[in-house]
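Below is one structure; the comments refer to it alone.
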Amino acid sequence: MNTREYQMLDRAHHLHPFTDFKALGEEGSRIVTRAEGVYIHDSEGNRMLDGMAGLWCVNLGYGREELVDAATAQLRELPYYNNFFKSAHPPAVELAEALCRLAPAHMNRVFFTGSGSEANDTALRMVRRYWQLEGKPDKQWIISRENAYHGSTVAGLSLGGMAQMQAQGGPLVPKIAHVRQPYWFGEGREMSPDAFGRECAAALEAKIQELGEENVAAFIAEPVQGAGGAIIPPPSYWTAVKEVLARHDILLIMDEVICGFGRLGEWFGSQHYGLEPDLMPIAKGLSSGYLPIGGVLVGDRVADALVERGGEFFHGFTYSGHPVCAAVALKNLELMRAEGIVERVRDDIGPYLSRCWASLGDHPLVGESRSLGLIGALELVADKARGERFPKSLGVGNLCRDICFDIGLVMRSVGDTMIISPPLVITRTEVDELVRLARQALDETARRLTARGAADDQTIIEESPS
Ligand code: PXG
């Protein structure tokens with residue numbers, strides 16, 4: 001089939017995630033056909049540097065034969081069996097052990113799911129059940145943050161704080177509240193980053209007091225918000241939040257779906273911030289995205305209660321710990337360890353990317369460039385000196401993203417924030433290419449905005465009665 005034929009069938013039958021179906025149908029999808037290393041290829045023969053590692057997940061890059069072999073061998077041996085009814089199979093058991101060895105010392109158990117959304121559903125069920133078992137059944141409220149993304153199932157949607165999503169969702173899961181996010185560039189520039197970080201932690205404490213500590217089960221957050229806009233909190237934030245949670249005996253769910261498995265230069269993002277979460281939902285980088293698998297790492301406090309006093313936990317999925325997905329995840333972790341991927345992000349390629357990425361800060365369109373490990377963001381602004389945004393209606397972020405695709409770079413936009421999260425195996429030469437293409441895209445975006453502005457001025461002059 002050629003591109004046109006794929007696009008026609010796609011339009012006729014395929015409802016894409018997070019997509020205006022009609023608009024996409026008119027435009028036509030990009031048909032991605034193959035990939036290797038950090039590059040994807042489309043059906044028109046274009047090659048693009050994948051600055052997003054798929055969707056924040058292809059950490060080991062594309063085309064790893066070892067992962068293909070692990071999947072093939074497991075498909076032959078045991079393509080499926082479940083972990084219900086007193087059964088288990090080697091890949092699930094071995095993966096559980098490997099994960100708990102990597103996780104902080106107080107986390108010794110894992111519950112498998114098929115995705116990050118299911119992991120967050122599971123975490124929600126677990127914390128409410130935990131407090132029930134503790135004889136505090138009123139501790140049901142979960143506090144999350146505005147603009148958080150925790151998945152697209154109803155629980156994920158409810159835990160998340162994305163207003164547009166929730167507006168389409170109908171009644172949400174009850175007893176979930178949201179507090180402000182530590183987004184200094186977007187919401188806190190009238191004060192220092194540290195003061196703002198403390199203020200956000202104070203907002204969490206105020207919410208706990210408003211709801212009543214005796215009614216609050218847990219706080220859920222990502223170490224660094226990914227889909228929300230690669231929001232790296234000010235250094236004061238997590239220190240202060242940790243104190244608040246300890247003061248009020250509130251559990252911490254750290255959503256590690258994006259930050260887990262090396263993205264921030266530690267196995268888990270929580271470790272970068274010195275946090276000891278009670279639960280850690282994981283997915284994405286667990287298998288480098290080769291097959292769908294997620295889970296929740298459970299700390300001893302919650303796990304001991306569930307195991308010792310919980311009786312049957314009525315929860316699970318057909319594909320909880322799927323053997324082929326588990327075998328691939330296991331091999332993925334083995335390769336990450338053998339190749340020192342996490343240390344490489346922390347000590348070498350992360351700092352290198354940081355230096356190169358920071359150099360984009362001098363561009364007239366960039367109000368802030370920030371990065372941590374292998375997550376980076378650029379804030380596009382209309383007025384660099386004052387950090388003023390463009391009107392939303394101009395869609396500058398999307399314009400820049402489309403230009404990126406045209407010149408061979410996948411860079412995502414969240415509003416007017418441009419984001420990268422490349423495969424962790426990216427080389428220095430490829431980082432140089434990524435940053436060069438990003439600068440080229442910024443230049444072209446600026447050029448088109450100027451051309452548009454000139455056209456608008458022209459229109460005004462022509463329309464003017466004088
Ligand atoms: N938590 C976090 C922090 C995520 O980023 C999920 C949970 C849900 O995982 P699943 O596997 O159910 O998709 C995610 C997923 C984007 C984008 O536009 C990000 C995600 C998903 C879709 C789009 O950046 N993250």
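Taking only protein heavy atoms and a 1.4 Å probe, what accessible area per residue, in Å², does segment 85-229 have with all protein chains in place? Each step should come with its number before you reach the end.
Details: 6070 Å² over 145 residues.
Roughly 42 Å² per residue, with all protein chains present.
Could you state, as a whole-number percent, how many of the C-alpha pairs of segment 318-446 are farther apart than 17 Å? List each step's numbers first, then the result.
Details: 5061 of 8256 pairs.
Roughly 61 percent, rounded to a whole number.
For the chain, what's the relative contact order in percent, using C-alpha pairs closer than 8 Å and at least 6 residues apart? Intermediate results must be reported in sequence, preceding the final value.
Working: 873 pairs, mean separation 90.0, N = 466.
Dividing the mean separation by the residue count of the chain yields 19 percent.
Once the chain is represented by equal point scatterers at the alpha-carbon sites, with solvent omitted, what log10 I(q)/I(0) does the Debye formula produce at q = 0.10, 0.14 Å⁻¹?
After summing over all Cα pairs, the log10 values are -0.77, -1.48.
With unit charges on the beta carbon (Lys/Arg positive, Asp/Glu negative), name the residue among Ile375, Ala35, His16 whose Cα is farthest towards the positive pole of the charge dipole of the chain.
Highest projection toward the positive end goes to His16.
About the Cα centre of segment 5-65, what is the dipole size in debye to 20, counting +1 per Lys and Arg Cβ and -1 per Asp and Glu Cβ, all else neutral? Mind showing how you got there, number by number?
Values: 6 positive and 10 negative charges, 26 e Å.
In debye, rounded to 20, segment 5-65 gives about 120.
Would you work out which of Val244, Ile232, Thr429 lies farthest towards the positive end of the dipole of the chain? Charges go on Cβ: Lys and Arg +1, Asp and Glu -1.
Val244
Can you pull the accessible area of Leu75 for me, 1.4 Å probe, Å² to the nearest 10?
100
Dipole of segment 6-127 (Lys/Arg Cβ +1, Asp/Glu Cβ -1, origin at the Cα centre): which of Thr122, Gln7, Met52 lies farthest to the positive side?
Value computed over the given set: Thr122.
Using +1 on the beta carbon of Lys and Arg, -1 on that of Asp and Glu, and nothing else charged, what's the dipole of segment 205-307 about the Cα centre, debye to 20? The partial results should precede the final answer.
Details: 6 positive and 14 negative charges, 85 e Å.
Around 400 debye, computed over segment 205-307.
Whole angstrom only: what separates the Cα centroid of segment 89-142 from the Cα centroid of segment 395-451?
Measuring centre to centre over Cα atoms gives 37 Å.
Per residue of segment 329-343, what does 6.51 cos²θ - 1.76 cosθ + 1.60 with θ = phi - 60° give for ³J(HN,Hα)? Whole Hz please, x for Gly and Pro, Karplus curve as stated.
With the stated coefficients, segment 329-343 comes to 4, 4, 5, 4, 5, 4, 5, 4, 5, 4, 9, x, 4, 5, 5 Hz.
Leaving ligands, DNA and RNA out of it, report the carbon-plus-sulfur percent of the accessible area of the chain at a 1.4 Å probe.
On the way: 11010 of 20730 Å².
Carbon with sulfur: 53 percent of the solvent-accessible area.
Given 37 °C and 0.692 mPa s, compute D for segment 152-289 with the Stokes-Einstein relation, Rh being the Kirkwood radius over Cα pairs; round to the nearest whole µm²/s. Each step should come with its number before you reach the end.
On the way: Rh = 15.7 Å.
My calculation gives 209 µm²/s for D.
Go through Met1, Met162 and list them by solvent-accessible area, largest first, probe radius 1.4 Å. Let's see the in-between values first.
Details: Met1 140, Met162 40 Å².
From most accessible down to least: Met1, Met162.
Quote the accessible area belonging to Val435 in square angstrom, nearest 10, computed with a 1.4 Å probe and with ligands, DNA and RNA left uncounted.
Counting only protein heavy atoms, the figure is 20 Å².
What whole-number value in Å² describes the accessible area per residue of segment 275-399 for a 1.4 Å probe? Provide the component values of the computation, followed by the final result.
Values: 4890 Å² over 125 residues.
I get 39 Å² per residue for this part.
Residues with amide H under 5 Å of Val179's amide H, sequence separation 5 or more or different chain, H placed in the peptide plane at 1.01 Å from N; which?
Ser144, Arg145, Glu146
Calculated from DSSP H runs of 4 or more alone, at -39500 (n - 2.57) each and per residue, what is the 222 nm mean residue ellipticity of the chain, nearest 500? List each step's numbers first, then the result.
On the way: 18 runs with 205 residues, N = 466.
The per-residue figure over the chain is -13500 deg cm²/dmol.
Taking the Cα centre of the chain as origin, sum charge times position over the Cβ atoms of Lys and Arg (+1) and Asp and Glu (-1), and report the length of that vector in debye to the nearest 20. Walk me through the numbers on the way to the answer.
Numbers: 46 positive and 62 negative charges, 97 e Å.
For the chain, the charge dipole is close to 460 debye.
Return one whole number: the accessible area per residue of segment 1-79 in Å², for a 1.4 Å probe. Please report the intermediate quantities before stating the final value.
Working: 4960 Å² over 79 residues.
Roughly 63 Å² per residue, with all protein chains present.
The values are calculated or read from the model by the stated rules, or taken from the named source; none is laboratory data. Keep in mind that this is a model prediction, so the values were computed, not measured. Here the Cβ is made from the backbone with ideal geometry for all residues, glycine too, and neighbour counts use every protein chain on show. Just the protein is used for accessible areas: all its heavy atoms, side chains included, with ligands, DNA and RNA removed. Shrake-Rupley method; radii C 1.70, N 1.55, O 1.52, S 1.80 Å.
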